[in-house]
């Protein structure tokens, strides 16, 4: 069992070259998002689910307590620097390497793109047991979002990638595996709204399963 929290900012040259698992790309719709979440037409007034704090024993948590932390929101930005895709989440103070475009991470430079950005090589997914999460695009550009249904026994074949046209936002339920938004443009901004507790459960696919996920990026 892995117990060490992932390191989210790193030099990709420190990552080993590993086999790639191809993730299927799916157009996001009410039907394909069933179980994962839903499309959102307007961010204003959209409420996210907050999960009640779990009981520690046989006595239940009082029904009017344990879900009062509410939510936080802020700007989530996905941006490319050369071959490396970064994410910054101001709602929770997060800064991450989301992935890279080269097959070999040691060849991913941050100055200029050395290969076509037709895929993101993804090393990590996480989920939030305390609440749902909303990503609402502010720039109107298409984007891609990797996800998997709840369950701690995550494997590469359970991961899919949703393609959205940028006219609507995406909401995911608590416990849905995901990573940050993958912009098709060089940079893209989103309103992020999520549970204030910000509990995070992670899977480092490279370290745990010896594989990276190859998430397709359509052409602009």
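Each reported figure results from applying straightforward, stated rules to the coordinates on display, with no laboratory input. Predicted model only: the values in this text are computed from it and were never measured. Cβ sites come from the backbone with ideal geometry, for glycine too, and all protein chains shown count toward neighbours.
Principal semi-axes of the equivalent ellipsoid, √(5λ) from the alpha carbon gyration tensor of the stretch 106-220, are 22, 20, 12 Å from largest down. Taking other Cβ atoms within 10 Å as a rough exposure proxy, 75, 191, 125 sort from fewest to most as 75, 191, 125. Remark: the residue 14-residue 42 segment gains 6.0 nm on full extension, using 0.36 nm per residue and subtracting the alpha carbon distance. Spacing of the modelled spin labels on residue 219 and residue 92, each 7 Å from Cα toward Cβ, amounts to 3.6 nm. Distance between the 7 Å Cα→Cβ label points at residue 103 and residue 158: 2.9 nm. Which FRET efficiency, nearest 0.05, do residue 58 and residue 201 yield, Cβ-Cβ r, R0 22 Å? For residue 58 and residue 201, the calculated efficiency is 0.35. The order of 207, 117, going from fewest to most other C-beta atoms within 10 Å of their C-beta, is 207, 117. The relative contact order of the chain, computed from alpha carbon pairs under 8 Å that lie at least 6 residues apart in sequence, is 31 percent. Residues 110, 102, ranked from the fewest to the most other C-beta atoms within 10 Å, line up as 110, 102. A straight line joining the Cα centroids of the stretch 18-33 and the stretch 81-111 runs 20 Å. Three principal axis extents of the stretch 1-94 based on alpha-carbon atoms, in descending order, are 50, 37, 27 Å.
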